[in-house]
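Below: the structure, in structure tokens.
The values are calculated or read from the model by the stated rules, or taken from the named source; none is laboratory data. Predicted model only: the values in this text are computed from it and were never measured. Cβ sites come from the backbone with ideal geometry, for glycine too, and all protein chains shown count toward neighbours. Areas reflect the complete protein model, heavy atoms only, side chains present, ligands, DNA and RNA absent. Shrake-Rupley method; radii C 1.70, N 1.55, O 1.52, S 1.80 Å.
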Amino acid sequence: PAHTAAAPPHSPPTRAAAPPHSPPADAAATAPHSPPTHAAATAAHSSPTHTAAPPHSPPTDAAGAPPGVVLLGHEVGEGVVLAAARAAADAGWPVVLNPAPARELPDVPFAVVTPNAAEAAQLTGHDDPEAAARELVARTGAAALVTLGPRGALLLAPGGELTRLPATRVDAVDTTGAGDTVNGALAVELASGHPLADAARFALAAAALSTTAPGARGGMPTRDAVLAALAR
């Protein structure tokens, strides 16, 4: 779902943005070097291992990055999400779940859940995004990234402190695809081995820049553009 501001609706920084010519699909697994597919896992660096782990300590390959990250969403059927998440867990690949549209969360392990504020409220019954984030973490054991449009996002990892991440300020033209950008950029950064907080900041900046041109793909930024925005 699209939203109205710099930060994306569903919504880490460093060195990789979702490529403008191949934005993440709504229920796809994505990686730095290949286009997304529908609920399929795509390797970032090597074949998967066999130990699942949370986003702040993902399984790693020889280069220090996880073997890959699976990005899933609710725009496909529950059975597809369940099968893909279970396959990812068996392989040791962290799962990023974008629960849009909001519906009951699957009873499978995932590393990060990325609703926007409205979806978080629907999932938890809490209109306060902070309370919703805490409820999501307590219920799932996953980290929660709750995006807040022009107000940035809230990030909470299990056992951690709630962090408010600011939005990158831009002149928004079209918010279509901002959610896709934030989720794709987040997955790419995690697959590259970056910490969750850094990956989230990068994703928010990428999503903000994606709103500066019309169309879902037209504004998706390059890595250099995201890094420049973060440096300002």
*What pairs come up if the first residue lies in segment 67-88 and is open to solvent by less than 40 Å² (accessible area, probe 1.4 Å), the second is part of a loop (DSSP other than H, G, I, E, B) and aromatic (Phe, Trp, Tyr), and their beta carbons are under 9 Å apart, counting only those six or more places apart or on different chains?*
67/93; 68/93; 69/93; 70/93; 70/110; 72/110; 85/110; 88/110
*Which condition does residue 149 not pass, out of (1) at pLDDT 95 or above; (2) open to solvent by less than 20 Å² (accessible area, probe 1.4 Å); (3) of a type outside the set (Lys, Arg), if it passes all the others?*
(1)
*Does segment 202-213 contain any residue that is within 15 Å of the chain's Cα centre (by Cα) and either surrounded by fewer than 21 Cβ atoms within 10 Å (Cβ to Cβ) or closer than 17 Å to residue 95 by Cβ (or both)?*
yes
*asked:* Restricting to segment 122-166, give me the number of residues that are closer than 17 Å to residue 97 by Cβ and small (Gly, Ala, Ser).
replied: 9
*So is residue 224 assigned to a helix (DSSP H, G or I) and either in contact with a Ser or Thr (Cβ under 9 Å, 6 or more places away or on another chain) or open to solvent by 10 Å² or more (accessible area, probe 1.4 Å) (or both) or not?*
yes
*If you go through segment 174-197, how many residues are closer than 19 Å to residue 149 by Cα and in contact with a Phe, Trp or Tyr (Cβ under 9 Å, 6 or more places away or on another chain)?*
2
*Residues located in segment 89-101, provided they are in a loop (DSSP other than H, G, I, E, B) and open to solvent by less than 30 Å² (accessible area, probe 1.4 Å)*: 92, 93, 94, 99, 100
_Among (1) closer than 22 Å to residue 216 by Cα; (2) in contact with a Ser or Thr (Cβ under 7 Å, 6 or more places away or on another chain); (3) buried (at least 23 other Cβ atoms within 10 Å of the Cβ), there is one condition residue 155 misses while meeting the rest; what is its number?_
(1)
*From 102, 111, 39, which residue is under 23 Å from residue 203 (Cα atoms), within 17 Å of the chain's Cα centre (by Cα) and at pLDDT below 50?*
39
*Any chance residue 185 is open to solvent by less than 10 Å² (accessible area, probe 1.4 Å) and either at pLDDT 95 or above or not basic (Lys, Arg) (or both)*: yes
*Could you please let me know if residue 197 is at pLDDT 95 or above and surrounded by fewer than 24 Cβ atoms within 10 Å (Cβ to Cβ)?*
yes
